[in-house]
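Read the structure below first, then the notes.
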Amino acid sequence: MHNVAITGTGVFTPSEVITNDELVAAFNSYADLWNAENADAIAAGTVEAKPHSSSEFIVAASGIQQRYVLDKEGILDPARMFPRFTPRPDDQPGFMADIGVDAAQKALAKARVDASDIDLVICAASNMERAYPAIAVEIQQLLGAGGFAFDMNVACSSATFGIQTAADMIRSGSIRRALVINPEICSAHLEWRDRDCHFIFGDVATATLLERDEDLTAPHFKVLSTRCATQFSNNIRNNNGYLRRTTDAMEDRRDMQFMQNGRKVFKEVLPMVSKHIADHMADENVTAVDLRRLWLHQANKTMNDYIGKKVLGRTPEPEEQPNILQDYANTSSAGSIIAFSKNSDDMAPGEKGLICSFGAGYSVGSVIVERA
Ligand code: COA
């Protein structure tokens with residue numbers, strides 16, 4: 001068995017930002033338009049008027065202040081409320097491959113590793129822009145990586161499940177180096193016309209480079225242990241799949257976009273995640289005082305504050321549990337990796353931390369690391 005290290009991470013951040021105020025102004029214009037179009041039915045009491053959204057609610061309910069997106073204009077157009085992605089011909093890189101390659105190149109540069117030395121590329125994300133060929137194989141070719149590549153989807157836990165998958169192959173000796181890449185184009189599966197969730201997501205791509213922990217000279221993180229768990233739930237669901245075009249009248253079905261029962265998610269996921277982390281730490285003889293930092297999934301500030309407090313047994317200091325969701329919103333599987341990537345270089349050798357993601361499935365994945 002070989003030991004495993006994380007030697008580099010990379011983050012691609014889109015150049016376009018939507019603030020809460022911009023988002024709310026567009027949503028409210030959309031709601032006004034819709035209410036005007038449906039004025040008769042609203043007056044007759046057969047449909048309900050769409051209420052306005054508010055920036056104050058968004059910050060209070062989630063902690064999110066803005067989000068990065070690939071196409072701001074389409075999302076903020078009250079007559080559209082959806083990003084505009086012009087389909088690309090098959091001989092051009094896809095959207096996910098494009099941003100995934102950017103993040104991967106940053107991770108490779110950080111670790112000073114050449115793409116040709118990569119044996120495995122996993123594209124792990126909550127939505128794939130096509131069924132096949134795998135996005136990961138396209139990324140492998142664009143990077144000039146060797147070995148093999150495949151896609152996997154565990155929704156918000158895709159990154160940590162991908163890390164465990166790659167780490168297990170490195171441990172067993174079947175590969176030496178792997179890139180786990182998370183291009184999350186969440187703006188394309190968010191229903192921007194639904195007030196209950198229109199503020200939740202943003203776009204980003206992250207990459208994590210894992211290597212056999214041998215002859216490494218630059219600072220890196222030892223992967224001490226990984227653990228994944230799942231438990232079926234319909235409370236976060238997206239029905240858009242290969243059956244989409246097989247029945248009539250599918251055009252504007254709400255269940256083809258992100259759906260959630262946010263309150264239930266809140267109540268059911270928190271105990272699952274807290275227990276998962278506690279059991280993982282106990283089995284690895286890691287106690288709260290051993291942990292310098294938590295890099296948690298970035299869905300909701302209240303959830304993270306609750307989990308941080310449960311794990312450490314006290315309110316974490318901001319630097320012990322860094323949040324990035326105020327800037328990026330929920331970026332599905334990429335969130336904990338952005339937090340890790342932007343808040344780990346200052347750690348001293350021997351200090352330990354825990355990466356944890358959770359979400360649809362339900363799923364929860366944790367990675368205990370130590371600075372070396
Ligand atoms: N603007 C203004 N008011 C809004 C609003 C908006 N955008 N969205 C909802 N509201 C209203 C609701 O209609 C409700 O009004 P009511 O009390 O009159 O019915 C009130 O605000 C509270 O809504 P609720 O949905 O109960 O809010 P909440 O405090 O539970 O927060 C979530 C909502 C979704 C942010 C929260 O439940 C959450 O974060 N859940 C977990 C989400 C998660 O992790 N999902 C994983 C995704 S991968």
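The values are calculated or read from the model by the stated rules, or taken from the named source; none is laboratory data. Here the structure is a predicted model, which is why all the values come from computation and not from measurement. Using ideal geometry, Cβ is built from the backbone for each residue, glycine included, and neighbour counts are taken over all protein chains shown. Just the protein is used for accessible areas: all its heavy atoms, side chains included, with ligands, DNA and RNA removed. Shrake-Rupley method; radii C 1.70, N 1.55, O 1.52, S 1.80 Å.
What the phi angles of the range 351-368 give under the Karplus curve with 6.51, -1.76 and 1.60, with θ = phi - 60°, is a coupling list of 6, 10, x, 9, 9, 9, 10, 7, x, 4, x, 4, 9, 8, x, 10, 9, 9 Hz, glycine and proline written as x.
In terms of its C-alpha gyration tensor, the range 141-180 has an oblate overall shape, because the principal axis ratio a/c (a ≥ b ≥ c, square roots of the eigenvalues) is not below 1.5 and a/b does not outweigh b/c.
Between the C-alpha center of the range 1-36 and that of the range 134-181 there is a gap of 24 Å.
Measuring r between the beta carbons of K310 and D40 and using R0 = 51 Å, the FRET efficiency lands at 0.50. Positive contributions from Lys and Arg (+1) and negative ones from Asp and Glu (-1), summed over other residues with Cβ under 12 Å from the Cβ of F201, come out at -3. Rolling a 1.4 angstrom probe over the protein heavy atoms with all chains in place gives the range 299-350 an accessible area of 39 Å² per residue.
Here the simple spin-label model places points 7 Å from the Cα toward Cβ, and for A282 and L270 these points are separated by 2.1 nm.
Counting only protein heavy atoms and a probe of 1.4 Å, the accessible surface of the range 128-176 is 57% carbon and sulfur.
For S225, the amide hydrogen comes within under 5 Å of the amide hydrogens of I368, counting only partners 5 or more places away or on other chains and with H modelled in the peptide plane. Backbone phi angles across the range 218-225, fed through the Karplus curve with coefficients 6.51, -1.76 and 1.60 (θ = phi - 60°), yield HN-Hα couplings of 6, x, 7, 10, 6, 8, 6, 6 Hz in residue order; Gly and Pro are listed as x. Residues whose amide H comes within less than 5 Å of that of M152, counting only those at least five positions distant or on another chain, are C123, A124, A125 (H built at 1.01 Å from N in the peptide plane). Thinking of the range 118-158 as a set of Cα atoms, what percent of all their pairs are more than 17 Å apart? It works out to 26 percent of all Cα pairs. Helical content alone sets the calculated 222 nm signal of the chain at -10000 deg cm²/dmol, taking -39,500 (n - 2.57) per DSSP H segment of four or more residues and averaging over every residue. Pairs with C-alpha atoms separated by more than 24 Å, drawn from the list K50/K267; K222/K267; K106/K222; K106/K309; K110/K301; K106/K342, are K50/K267; K222/K267; K106/K309; K110/K301.
Solvent-accessible area of the range 251-372 (1.4 angstrom probe, protein heavy atoms only): carbon and sulfur portion equals 50 percent. May I ask for the distance between the Cα centers of the range 309-328 and the range 71-120, given as a whole number of Å? One Cα centre to the other: 29 Å.
Here is what passes the span test in the chain: the DSSP H helices with alpha carbon length of 20 Å or more along the helix axis and a Kyte-Doolittle mean of -0.5 or above are 20-37, 95-111, 158-172, 262-283.
In sequence order, the range 2-9 has phi-based couplings of 9, 7, 10, 9, 8, 10, x, 9 Hz under the Karplus curve 6.51 cos²θ - 1.76 cosθ + 1.60, θ = phi - 60°, and Gly or Pro positions carry x. Using a probe of 1.4 angstrom and keeping all protein chains present, the accessible surface of the range 18-129 works out to 51 square angstrom per residue.
When a/c is below 1.5 the answer is rounded, else prolate if a/b is larger than b/c, else oblate, so apply that to the range 256-295 with a ≥ b ≥ c taken from the square roots of the Cα gyration tensor eigenvalues. Prolate shape, in that a/c is at least 1.5 and a/b is the bigger ratio. Taking 0.36 nm per residue of sequence separation and removing the Cα-Cα distance, the A131/D346 pair yields an extension gain of 73.4 nm.
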